[in-house]
Amino acid sequence: MCRIGGYWDWVGRMGEEDLGRRLAAMAEAQAHGGPDDEGFWILPGQGVGFAHRRLSILDLSAAGHQPMSRGRFVITYNGEIYNFREIRSLLEKEGVFFQTRTDTEVLLAGWAAWGPDVLPKARGMWAFGLWDGEALWLVRDRFGVKPLYYVNGGGWIAFASELGALLRLPEVSRSITPERLAAYLSYGFIPGGRTIYRDIQQVPPGCYARITPYHIEVKSWWSPRPYFFVERPEAPPTLEEAEATLAEAFRWRLVADVPVGLFLSGGIDSSLVAAILAKREGASLISFTLGFQEPRWDEAPWAQKIASFLGLPHIVHYITEAEVLAEVEKLPALYGQPFGDSSALAVYKIAQVARREVKVVLSADGGDELFGGYVRYTLTTRQNWRWKLIHLLKRSPALVKLLLEAYKLLPGSFRQHTNLAGKLYKLLYLRLADYGDFLQVFPQVALVEVLEGLSVEALLPYLDEAIPRDWDHPEARMYADTRVYLVEDILRKVDRATMAVALEAREPFLDEAILGLRARLGSRDFIEGRTTKRFLKRILARYLPAQLWDRPKQGFSPPIPAWLRGPLHERLRYYLESTRSPLRDYPIRLEKIRPHYENFIRGEEGLAGFLWNVFVFGLWAEWITATPPISDNPPPATGAQV
């Protein structure tokens, strides 16, 4: 696992010295993710060069140095191909010789032999830049586990694993747009492969970009879509077949020349990974859990019981108020843009703890999206009484407003620690035809009143593609979340938080064979009534007693309301009320936000997620101004503009 960067100036704007400075700046900005080695490559006279920071996981010797070349092909690669030895054997049968034991060389040789056709043969996660003598290729793995950002400057292109590396370049604009800001404030992330920055975009998951001076072709080489919206076979997989498929995928993620551990939250997915590897594969991985001081947010005791039952070494770390204050300042630098997932800080903290013991951890993300784990998937049948109530209230906005006014008359002790007011407020703006509305912590439509220059027509959709089912169907929601929420929120969060401390995170559920398994399941294997993730729970029941895991889904959620009313309160208040607030540099009508803040301080929690997004945006606004690019002539502005 590594961090990469590259630059191609095909119009000859700069010499090799300036190109080298840019590559060095991008490498330095990502050094935390690759502390074991550094490498550069520049092709004289062509204006193209690569940078690389290495985190050694496979073949720890100097033979794994990158960028790596083979004939006319040069690669800077971030990722792991777990079945590289099998691909190597195929190439050796065709007469290919190897000089290292790395998956990098196998990928490079495979590309030289088969071109992009090597990609479907590989099981793993990756993002890489490759030069073939004529074109620059930017390639991303199936699910988008590894990040890959780029800027097309018209005459030049730059790419990197992290936004912070691209922001070091003086020619990269830091301008943002109101519609992207609105999406962030609503979701905590920006859907559609976009970033907060107008000119920086991502290579989509399962895609590659082939770049020449005349054309940029972005093409999909893989999609999860064939594994959704399919006719289910008459004979679904048996539990034994399913276990074998899961075990094989989990086992591949143990391929490493360094110690491997496991994030254990105490939920269904991480418990299943731990149980299958421990009981079926005999892999007793050290497990790591983060605990919270507030009991209603804390699942650490359950994780401890599960680890004990499985006989796993286990480390629990309880995050303190002092750590919250110390670590929250790092969020903008970690993500390079405002990122509102409230558990980002918690994942970063447990990654720090894990890195003291191991260099690789398994993180059980993707199980909810693939197997129907979110409670919101149960709100999709017309027979569901909650769904009927939502429809009824949606047709009666006057009734909703009346309920809101009546709620304000209730005693303060009753209103404390409830989110009823927030739900009623969001219901006023809910668009039943748009599933994305169910994920928003603040209605995008309502932000037209909060953000200057924003129109309803400019709002970004949750999913940028048509699908064959309407949003009332769980399959549509699972597919949308696999394409959007999993990529833009969950995987981004885990990758940045772990790589910030040079820890590689692997995703056992994100394997094409597991997608093939879920395509054979019937709708009741995912959800029935209020019960979610039914099939995975049936498998888990064969390994763990139900009393250890059969409880309401909690998720890895920190006590954000307590933090915003406690150690972070003065900072939030500064952002919303001070005349020197950095938010005043952006088209935000703070007077529209303050009433929600005041209700929150009085005890209501319905819009805590939105206020957290505002708080994190304030952190980013300060960071972006205090983080200038490398010097150039003339020096560019250091702040962001809208």
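The values are calculated or read from the model by the stated rules, or taken from the named source; none is laboratory data. Everything numeric here is computed off the predicted structure, so don't read it as measured data. In this analysis, Cβ positions are derived from the backbone assuming ideal geometry, glycine residues included, and neighbour counts consider all displayed protein chains. Please note that ligands, DNA and RNA were not included when accessible areas were found on the heavy atoms of the full protein model with its side chains. Shrake-Rupley method; radii C 1.70, N 1.55, O 1.52, S 1.80 Å.
Once Rh is set to the Kirkwood radius over Cα pairs, what Stokes-Einstein translational diffusion coefficient, in µm²/s, holds for the range 115-194 at a temperature of 25 °C and a viscosity of 0.890 mPa s?
After rounding, the answer is 165 µm²/s.
Stretch residue 465-residue 247 to full length: gain in nm at 0.36 nm per residue minus the Cα-Cα span?
75.2 nm
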Spin-label model distance (nm) - residue 546 vs residue 135, 7 Å beyond Cα toward Cβ: 5.6 nm
Report, by chain and number, residues whose modeled amide H sits under 5 Å from the one on residue 360, excluding near sequence neighbours (fewer than 5 apart, same chain). 261, 504
When the accessible area of the range 174-251 is split by element with a 1.4 Å probe, what percent falls to carbon and sulfur? 49 percent
Where a ≥ b ≥ c are root eigenvalues of the Cα gyration tensor, a/c under 1.5 meaning rounded, otherwise prolate if a/b exceeds b/c and oblate otherwise, the range 52-135 counts as rounded
Would you kindly state how much longer the chain becomes between residue 60 and residue 627 on full extension, computed as 0.36 nm times their sequence separation minus their alpha carbon distance, in nm to one decimal? 200.7 nm
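Tell me the net charge near residue 619. Cut-off is 13 Å between Cβ atoms, residue 619 excluded, with +1 for each Lys or Arg and -1 for each Asp or Glu.
-1
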Which one, [x] 38, 32, 23; [y] 51, 30, 25; [z] 56, 31, 21, gives semi-axes √(5λ) of the Cα gyration tensor in Å as derived from the coordinates shown? [x]
Along the range 488-493, what does the Karplus equation 6.51 cos²θ - 1.76 cosθ + 1.60 (θ = phi - 60°) give for ³J(HN,Hα), rounded to whole Hz, x for Gly and Pro? 7, 10, 5, 5, 4, 4
Which order do peptides 160-166, 41-47, 599-605, 275-281 fall in by mean Cβ count within 10 Å, highest first? 160-166, 275-281, 599-605, 41-47
Mind giving me the FRET efficiency for residue 258 and residue 524? R0 is 51 Å, r the Cβ-Cβ distance, nearest 0.05 is fine. 0.75
Apply the Karplus parameterisation 6.51 cos²θ - 1.76 cosθ + 1.60, with θ equal to phi minus 60°, to every residue of the range 206-213 and state each ³J(HN,Hα) to the nearest whole Hz, in sequence, with x for glycine and proline. x, 10, 9, 10, 9, 10, 10, x
Sorted by average packing, counted as other Cβ atoms within 10 angstrom per residue and highest first, what order do 216-226, 137-147, 239-249 take? 137-147, 239-249, 216-226
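With a sphere of radius 10 Å drawn around the Cβ of residue 242, what net charge do the other residues whose Cβ falls strictly inside it have (Lys, Arg +1; Asp, Glu -1)?
Computed value for this residue: -1.
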From Cα pairs below 8 angstrom and at least 6 apart in sequence, can you work out the relative contact order of the range 108-239, rounded to a whole percent? 22 percent
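Averaging sequence separations of C-alpha pairs under 8 Å and six or more residues apart, then dividing by the length of the range 1-150, give the relative contact order as a whole percent. Walk me through the numbers before you get to the answer.
Details: 280 pairs, mean separation 32.3, N = 150.
RCO, the range 1-150: 22 percent.
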Just how large is the dipole of the chain about the Cα centre, in debye to the nearest 20, putting +1 at every Lys and Arg Cβ and -1 at every Asp and Glu Cβ? 1700 debye
Carbon + sulfur, % of accessible area of the range 526-588 - ligands and nucleic acids excluded, 1.4 Å: 45 percent
Efficiency of FRET between residue 10 and residue 323 - r from beta-carbon atoms, R0 41 angstrom, step 0.05: 0.30
Are any of the pairs 93/146; 219/359; 146/219; 305/493 more than 23 Å apart by Cα-Cα distance, and if so, which? 93/146; 219/359; 305/493
Work out, step by step, the length gained on full extension between residue 43 and residue 294: first 0.36 nm times the residue separation, then minus their alpha carbon distance; give nm to one decimal. 84.8 nm
I need the calculated FRET efficiency for the pair residue 456 and residue 98, taking r as the beta carbon distance and R₀ as 51 Å, to the nearest 0.05. 0.35
Under the Karplus curve 6.51 cos²θ - 1.76 cosθ + 1.60, θ = phi - 60°, whole-Hz ³J(HN,Hα) for the range 230-238, x wherever Gly or Pro sits: 10, 6, 7, x, 5, 9, x, x, 6
Please list the non-local residues whose amide H lies under 5 Å from the amide H of residue 314, H modeled 1.01 Å from N, same-chain partners needing a gap of 5 or more. 287
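222 nm [θ] for the chain, helices only, -39500 (n - 2.57) per DSSP H run of 4+, per residue, to 500?
-10000 deg cm²/dmol
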Over the chain, with the other protein chains present, what is the accessible area per residue in square angstrom, probe 1.4 angstrom? 38 Å²
What is the sum of charges, Lys and Arg at +1 and Asp and Glu at -1, for the other residues whose Cβ falls under 10 Å from the Cβ of residue 534? +2
Ratio Rg/Rh [Cα only; Rh per Kirkwood] for the range 233-359: 1.04
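Got the relative contact order for the chain handy, in percent, Cα pairs under 8 Å and 6 or more residues apart?
17 percent
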Between residue 527 and residues 5 or more places away or on another chain, which pairs have amide H atoms under 5 Å apart, with H built 1.01 Å from N, and which residues are they? 534
Counting only protein heavy atoms with a 1.4 Å probe and every protein chain in place, the carbon and sulfur fraction of the accessible surface of the range 47-99 in whole percent equals 51 percent
